[in-house]
Amino acid sequence: MGLFTELKDSISRVTDRLFSEQEPKRIGIYGPPNAGKTTLANRIARDWTGDAIGAESHIPHETRRARRKENVDIERNGKTVTIDIVDTPGVTTKVDYEEFTDELDEEDAIRRSREATEGVAEAMHWLREDVDGVIYVLDSAEDPITQVNTMLIGIIESRDLPVLIFANKTDLDDSSVKRIEDAFPQHTTVPLSAKEGDNMDEVYDKIAEYFG
Amino acid sequence: MPKATNADDSEPSDGVQIDLISGERMDGMATMEKIRMILDGVHDGNIVILEEGLTPDEESRLIEVTMAEISPDEFNGIEIETYPKSEARDSSLLGRIMGSDKVETKLTVIGPANQIETLHKDETLISALVSRN
Ligand SMILES: Nc1nc2c(ncn2[C@@H]2O[C@H](COP(=O)(O)OP(=O)(O)O)[C@@H](O)[C@H]2O)c(=O)[nH]1
Ligand SMILES: [Mg+2]
């Protein structure tokens, strides 16, 4: 799609935005810890703005604050869709600092778990007050039917927000997109590997279609 | 409002207390009262079973308050299980027009995360292992 041409066009796109009525839609990236939310947010931000949004990590709860990237212009079929991406900490109903003591000393583990709980509370707050649409990211190698997923999707549905389900990590052998489609048949599921960059064209098509 | 407490206050028993709370009892309560009642029970190590569950908004607030109360070595949070919503009823056009969150009732089981472990769950069965401690 030619990022270089993208850049050259950016000035005219900024001008376009000044005259457009529409505020950028704020899209929250939600999902359980470790699903690949930050990897996805970084890929989207890098593809369209050139820089990243936050650190990815195999240790759960790396993202302890909702992080925002504003005015990400996604170009599809000659039209520009502007979104603000909000990368949120993974939502959970429990946090045990001992989960982190393998990799961190006790003090850091306690600090990390405290920040994680604050981050989850913040993410719930964003969902109730501040987002216009949701990308729900799942690790397609894991069972999607968990209480947290069912509850979160229920909360999102009750707010009548547009939602896309992303079946991430399709590069893994155990990946099953069908398991996710079967679990949430009422929603559109988009398969992808945020890490490898697989199927990103469909990802951007769907983002433009649902949140534009 | 009478609070559900251990019948025997003198000696902590080695059993697990289960509070079954009727929909009728929840009906008259404000969101924060419900959340307080649930979390007070869970802090005491009880398993709380709600006949009619919570609305999505109440669930979202329950998560938020739970997070605020997590504290190392004291409280790790909650385990919560409900039956998956029955699609046919919930997202029915009528239900939406009526704007009611109460169309569905969903039995909900809530317990302390360090004492309750879900062994199996499907559309019609929740199987959980509850330990004392
Ligand atoms: N195999 C594979 N790993 C991924 C993919 N996306 C993310 N990961 C890995 O999953 C882990 C968690 O990713 P992260 O983005 O921090 O997850 P978050 O907790 O949801 O923000 C990291 O080790 C990532 O490298 C993917 O598409 N495929
Ligand atoms: Mg993250």
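The values are calculated or read from the model by the stated rules, or taken from the named source; none is laboratory data. Please read these numbers as outputs of a predicted model, since none were measured by experiment. Note that we place each Cβ from the backbone using ideal geometry, even for glycine, and neighbour counts take in every protein chain shown. Quick note on the areas: whole protein, heavy atoms, side chains included, nothing else; ligands and nucleic acids left out. Shrake-Rupley method; radii C 1.70, N 1.55, O 1.52, S 1.80 Å.
Annotations
- Mean separation of Cα contacts under 8 Å, 6 or more apart, over the residue count of region A:31-211: relative contact order %: 21 percent
- Simple Cβ-charge dipole of chain A, Lys/Arg +1 and Asp/Glu -1, about Cα centre, in debye nearest 20: 700 debye
- Degrees between helix A:147-158 axis and first principal axis of chain A (Cα, 0 to 90, nearest 10): 40 degrees
- A 1.4 Å probe run over region A:31-211, with the rest of the protein chains in place, finds 42 Å² accessible per residue.
- Accessible surface, 1.4 Å probe, highest first, among residues B:Asp73, A:Asp96: B:Asp73, A:Asp96
- Label positions at A:Asp201 and B:Leu107, each projected 7 Å from the Cα along the C-beta direction, are separated by 5.0 nm.
- Neighbouring partner chain Cβ atoms per residue of A:146-152, average, 10 Å criterion: 5
- A:Asp173, A:Asp160, ranked by accessible area, largest first (probe 1.4 Å): A:Asp173, A:Asp160
- Percent carbon-and-sulfur accessible area, chain A, ignoring ligands, DNA and RNA, probe 1.4 Å: 44 percent
- Per-residue HN-Hα couplings for region A:160-177 [Karplus 6.51, -1.76, 1.60; θ = phi - 60°; Hz; x = Gly/Pro]: 6, 8, x, 9, 10, 9, 9, 8, 8, 6, 5, 6, 7, 4, 7, 4, 9, 6
- Computed helical MRE - 222 nm, chain A, DSSP H runs ≥ 4 contributing -39500 (n - 2.57), nearest 500: -13000 deg cm²/dmol
- Charge dipole of region A:102-177 (Cα centre as origin; +1 on each Lys and Arg Cβ, -1 on each Asp and Glu Cβ, all else neutral): 460 debye, rounded to the nearest 20.
- Residue order for A:Lys206, A:Lys94, A:Lys195 - accessible surface, 1.4 angstrom probe, largest first: A:Lys195, A:Lys94, A:Lys206
- For the chain pair B and A, buried accessible area totals roughly 2200 Å², probe 1.4 Å, rounded to the nearest 100.
- When the Cα positions of A:Thr88, A:Ile74, A:Leu152 are compared along the charge dipole of region A:71-177, A:Ile74 comes out farthest toward the positive end, with charges on each C-beta of Lys, Arg, Asp and Glu.
- Centre separation in Å (Cα based) which lies between region A:142-212 and region A:53-104: 15 Å
- Extending 7 Å from the Cα toward the beta-carbon at both B:Val65 and B:Ile126 defines two label points whose distance is 1.8 nm.
- Globularity index of region A:31-211, i.e. its alpha-carbon radius of gyration over 2.2 N^0.38 Å: 1.01
- Exceeding the 20 Å Cα-Cα cut-off - candidates A:Lys25/A:Lys69; A:Lys94/A:Lys178; A:Lys25/A:Lys169; A:Lys69/A:Lys178; A:Lys37/A:Lys79: A:Lys94/A:Lys178; A:Lys25/A:Lys169; A:Lys69/A:Lys178; A:Lys37/A:Lys79
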